[in-house]
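The block underneath contains the structure these notes are about, expressed in structure tokens.
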Amino acid sequence: MKMGEYLQPTKRISDRAFDAIACVLVFAAYLVVFAVVNRESTFLKLALSSLSNLAPMVLLTVAVRPAIRRWLIDAPILRQCTGHVALAALFSFAWHWLILVLVGMRDGGSLTEFTVRAFFPEPALAWQFLQGVTIYALVASLTYMRAQPDLPSSADGEAEGWREAEPTLERYFIRLGEDIKPIDVSKVIMILGADDYAEVITAEGKHLVRTTLSKFEASLDPEQFLRIHRSRIVNVHKIEHAEPSGDGRLVLQMENGERIKTSRAGAKALRDRVL
């Protein structure tokens, strides 16, 4: 088995690149809309109007996306629904308020002295809030989609057949300065997802492997390694004990002393191994 064949860099676009592309497209869309509506405006004014809408959207997206990932994705359905309704209302109101502030600064020509109206006149107010709710729904949907594990592609039948015939990964190599060090997979305690990298934790320390968590998982022995969370894989041979943590989840005490919490699906997968 060749090391490079299992641990290749992912072709999936990174979160940062995805966000950058989305910002460029949204800015361009606003620019086109404002240009059609205000044909006599200069490019600078059109660009400032577009930024007045885009900048608050980016700030609020950066704020709500971690909240969705941490508290809602793995939550019970009722909590998810309630949380999304509350966040959607907050997102829409805050976006509206920040746009008003930026528009006031733009029209006043000053960062410290400007006039802000409480709300846009109707029906612009209703349209603005509808936009806010719609944008939040898109942000939430994309957050859920980006949190899902990569699905293996079956487009290349020969490659798929090759993977099935290959044994699971037993050893790989990492670079430490100018040196190359072998790592026995059996010594891995857990693996954490870190964007386009996987952070591998052993008793000797931590290191990064340039591959996604899902791609790494596909090369591991499923009898030895278990994905207990969308961003965590554990070596079941390194679990000292597990205890309930409520809501169908478990807390795992690992061999190195770390305690990690499973998702409900991860807890179920671990319980299914109980004889």
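Every read-out reported here was derived from the displayed coordinates using simple, explicitly stated rules and does not represent laboratory data. All values reported here derive from a predicted model rather than from experimental measurement. Quick reminder, even Gly has a Cβ in these numbers, built from the backbone with ideal geometry, and neighbours come from all protein chains shown.
Extension gain for the segment VAL26 to ALA55, taken as residue separation times 0.36 nm less the Cα-Cα distance, is 9.4 nm to one decimal.
Length gained on full extension, VAL236 to ARG146, computed as 0.36 nm times the residue gap minus the Cα-Cα distance: 29.8 nm.
Which of the peptides 227-234, 264-271, 65-72 is most tightly packed, and how do the rest follow, judged by the mean count of other Cβ atoms within 10 Å per residue?
Values: 227-234: 21.2, 264-271: 16.8, 65-72: 15.0.
Put in order of decreasing packing, that is 227-234, 264-271, 65-72.
Between PHE43 and ARG210, the modelled label-to-label distance comes to 3.8 nm, taking each label 7 Å out from Cα in the direction of the beta carbon. Only Cα sites of the range 15-147 enter the Debye sum here, all with the same form factor; the resulting log10 I(q)/I(0) across q = 0.21 1/Å is -1.32, listed in q order.
Between ALA203 and VAL36, 0.36 nm times their residue separation minus their Cα-Cα distance comes to what? Don't skip to the end; give the middle numbers.
Details: separation 167, 0.36 × 167 = 60.12 nm, distance 6.15 nm.
In short, 54.0 nm is gained.
Compute the Cα gyration tensor for the range 212-252, then decide on rounded, prolate or oblate, letting a ≥ b ≥ c be the square roots of its eigenvalues: rounded whenever a/c is under 1.5, prolate when a/b is larger than b/c in the other cases, and oblate in all that remain. Each step should come with its number before you reach the end.
Values: a/c = 3.24, a/b = 1.63, b/c = 1.98.
Oblate.
Projecting the Cα atoms of THR82, MET145, PHE34 onto the charge dipole of the range 15-147 (Cβ charges, centred on the Cα centre) puts MET145 farthest toward the positive pole. What is the range 168-271 by shape, rounded, prolate or oblate, if you read a ≥ b ≥ c off the alpha carbon gyration tensor as root eigenvalues and call it rounded for a/c under 1.5, prolate for a/b larger than b/c, and oblate otherwise? Cα axes put the range 168-271 in the prolate bin.
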